[in-house]
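A short worksheet on the structure shown next.
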Amino acid sequence: MSLLESGENYLETILILSKTQSEIHAIDIVNQLGFSKPSVSIMLKKLKETGYITIDSSSHIHLTESGLFIANKIYERHTCLTQFLEKIGVEPNVAEDDACKIEHDLSDQTFQAIKKLIERL
């Protein structure tokens, strides 16, 4: 299944939350993304059905191997693009927002070129 931007954002959010929390619940995602609980529940169900996450008997959310792969890819793009935009003079909060918009649509070739440029800067 090809994930839409919203699904990628959920996987990235789960990854980010997992860096500071040992247990992730739907309410954590609700609070992080600012979406309604029913909307989050619907997306989590889709992500579970497609094999990107698991939800255990205690309602803890975990990324599967394929979910973790996508989350890491999107997170790397987000952090690199934010750095790039800040280095060219974009204000940090704007850079963060714009990176989130760009990270999903950028080709791998363009991302790799930006990544090399960041390393040289």
At 222 nm, what value in deg cm²/dmol follows for the chain if DSSP H runs of at least 4 each add -39500 (n - 2.57) and the sum is divided by all its residues, to the nearest 500? -21500 deg cm²/dmol
Which value in nm describes the separation of the simple spin-label points at V30 and T50, placed 7 Å from the Cα toward the beta carbon? 2.3 nm
Within region 45-86, the residues whose backbone N lies under 17 Å from a label point placed 7 Å from the Cα of T20 along the Cα-to-Cβ direction are 75, 79
Hey, can you find the accessible area per residue of the chain for me, probe 1.4 Å, expressed in square angstrom? 60 Å²
Please list, in order along region 25-39, the HN-Hα scalar couplings obtained from phi with the Karplus expression 6.51 cos²θ - 1.76 cosθ + 1.60 (θ = phi - 60°), rounded to whole Hz, x for Gly and Pro. 10, 4, 4, 5, 6, 4, 5, 5, 8, x, 8, 6, 4, x, 5
Dividing the mean separation of Cα pairs under 8 Å (6+ apart) by the residue count of region 25-121 yields a relative contact order in percent of 18 percent
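Counting only protein heavy atoms and a 1.4 Å probe, tell me what percentage of the chain's accessible area is made up of carbon and sulfur. Can you show the working numbers first?
Details: 3870 of 7290 Å².
Heavy-atom surface of the chain belonging to carbon and sulfur, 1.4 Å probe: 53 percent.
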For I53, enumerate residues with amide H under 5 Å from its amide H, sequence gap 5+ or separate chain, H modeled in the peptide plane. K48, T64
Please get the size of the charge dipole for the chain, origin at its Cα centre, with Cβ charges of +1 on Lys and Arg and -1 on Asp and Glu, quoted in debye to the nearest 20. 140 debye
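The values are calculated or read from the model by the stated rules, or taken from the named source; none is laboratory data. Nothing here was measured: the structure is a model prediction, and the numbers come from that model. A quick note on method: Cβ atoms are made from the backbone with ideal geometry, for glycine too, and the neighbour counts reach across all protein chains shown. We work out accessible area using only protein heavy atoms, side chains counted, and drop any ligands, DNA or RNA first. Shrake-Rupley method; radii C 1.70, N 1.55, O 1.52, S 1.80 Å.
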